[in-house]
Amino acid sequence: MITSCDEAAARLRAVPGLSCCARPLFLLPLLRTGCLSEVLSVEGADAGWAGEFGARFHALEPYRAVRDHTSLGAGVHEVLRRIAEGDDGGSGTGGGTGGGWRGRELALLPYTAMKPEWRTALDALGARLAEPPVRPALPVLGDKRAQRAWLRSVGALTPRDAVVPVLDHRELRRRFGDRYVVQTLLGSSGKGTYLVTGEADLAPIRQVGGGPWLVSGYVEGAAVNVHVLVSADGTVRVLRPSVQLTRVEGVGAPFGTYSGGDFAAPALLPARALSRAGAAARRVGESLAALGYRGLFGADFVLAGEEALLLELNCRMQGSTWLLGELELAEDALPSALRHVLELYGHATGGEPRTDAAGAVQLVVRHTGGPVRVAGAPGGGLHRLKDGLLQYCGAGFGLLECGPDDCVLLQLPAPGTVLHPGVPLGRIVARYSLTTADGTALTEQGRRLVEALRAGFAFEPVGGPLPCAVPC
């Protein structure tokens, strides 16, 4: 049984590791422990990451100088195509058809599932990919409709809901009240989730595509995410909860869109509701374990008084897993991201996780205007707010470099990058809360940091057709 970072790193470094993700930040615990050699992503790594972590980063954004809403699947496939052509965004790994990939053996350290077209592209490059054993297909998690029904079957409380073929506001208001939530059956990170308060809100939803839709009653309360680890031997461990920031005013995100998380805020929420969320997450984990699931998953709850209503599961590493890993590394514990990978390969990991609240926050700030080109941008790294301005204090890659009064800026677009409406401008990481305990409003300090971040950018209009990161 693996219980330490040294043991985990030794096992994972045996074969050079490769991972695919939307942004390299999500893999930070694997990078800090030297377990990754190659990263394929949509957004590029921040300045200094290649030198700091000894990995090669192959990303779409630096090549096209465009930050848009390209999906992970399309983005990574485009990166692999460019590697095959000897050009992958300036990472220095060209050299004809695949450069240094031919004949290499790489171990997949998965952030998400490997797509068939990625395997085909890697085979064409001549790389040999060692993957974890195939996990059993779980139809109960195939879409939100099936998932909700399964969650109720294992004893979890969920919001009132219905699957409808058409969106009739009069009928839905009669069934669910003046506010209700409409979701496409497939979608994650808030994509395909809409808050409806009137007939006018339905028009843009209908334009996205036809039904059916999952409609739920709107529940007022804090959104909480709970990480759960299912070990290779079937043991279920509930990890630290965090408040999900999905309804924060002032950061440029529509309702339901993931805007970060706060691992300190749960200390301010009703203890009974949190306890019920943890108990429900454990029951779900035990049921998933019985079906053969292994590794991490996240359970999204909304706390309504002393009740915890389970909204959905994310059976993978999540956008907050890296931040949880930063806390675990600071406590000399084995990061959950490493445990996830090891468990997928059948290596049981030991050590009971802490579940207490801890100072770790990330906040995503989005571009709210029309298409623009970045003419000037703040530098990434460690900063401190002084006289309303962000003052650079040195290199910083995540929470570990952040002092009690500092913040770290990550994922900032480089000058010359074209921004599509609604894309992230950057991510603020701090040890103190930037929002209220329920995650719906910025604190005064949070507001000042967001204003300072926005003030650090200069934009110029984009003429002609709007460029895309992948061929339009």
- Message: Just the residues that are hydrophobic (A, V, I, L, M, F, W, C) and either within 16 Å of Met1 (Cβ to Cβ) or surrounded by fewer than 24 Cβ atoms within 10 Å (Cβ to Cβ) (or both), please, taken from the stretch 334-356.
- Response: Leu334, Leu338, Val341, Leu342, Leu344, Ala348
- Message: With surrounded by 20 or more Cβ atoms within 10 Å (Cβ to Cβ), at pLDDT 95 or above and not in a strand (DSSP E or B) as the only criterion, which of Leu412, Leu400 stands out?
- Response: Leu412
- Message: Return the residues of the stretch 357-389 that are open to solvent by 40 Å² or more (accessible area, probe 1.4 Å), in contact with a helix residue (DSSP H, G or I) (Cβ under 8 Å, 6 or more places away or on another chain) and within 25 Å of Phe26 (Cβ to Cβ); say none if nothing qualifies.
- Response: Ala357
- Taking into account only those residues within the stretch 188-209 that are in a loop (DSSP other than H, G, I, E, B) and without any contact (Cβ under 8 Å) to a residue 24 or more places away in the chain, which is surrounded by the fewest Cβ atoms within 10 Å (Cβ to Cβ)? Thr197
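In contact (Cβ under 8 Å) with a residue 24 or more places away in the chain, open to solvent by less than 40 Å² (accessible area, probe 1.4 Å), more than 24 Å from Glu326 (Cβ to Cβ) and of a type outside the set (A, V, I, L, M): which single residue out of Gly256, Gly278, Gly285 fits that description?
Just one listed residue meets the conditions, Gly256.
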- Task: Those residues that are without any contact (Cβ under 8 Å) to a residue 60 or more places away in the chain and either part of a loop (DSSP other than H, G, I, E, B) or more than 18 Å from the chain's Cα centre (by Cα) (or both), I need them from the stretch 54-82; list them, please.
- Result: Gly54, Ala55, Arg56, Phe57, His58, Tyr63, Ser71, His77, Val79, Leu80, Arg81, Arg82
- Message: If the requirement is being free of Cβ contacts under 8 Å to residues at least 60 places away in the same chain, closer than 18 Å to Cys407 by Cβ and outside any loop (DSSP other than H, G, I, E, B), which of these qualifies: Leu323, Leu382, Leu327?
- Response: Leu382
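Residues are listed down the side, and each one gets a yes or a no for (1) assigned to a loop (DSSP other than H, G, I, E, B); (2) open to solvent by 40 Å² or more (accessible area, probe 1.4 Å); (3) touching a helix residue (DSSP H, G or I) at 6+ places or on another chain (Cβ under 9 Å):
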| position | (1), (2), (3) |
| --- | --- |
| Pro132 | yes, no, yes |
| Arg148 | no, no, no |
| Arg152 | no, yes, no |
| Gly155 | yes, yes, yes |
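The values are calculated or read from the model by the stated rules, or taken from the named source; none is laboratory data. A quick note: this is a predicted structure, and the numbers were derived from the prediction, not measured. Ideal geometry is used to build each Cβ from the backbone, glycine not excepted, and the neighbour counts take in all protein chains shown. With ligands, DNA and RNA removed, areas are computed over all heavy atoms of the protein, side chains included. Shrake-Rupley method; radii C 1.70, N 1.55, O 1.52, S 1.80 Å.
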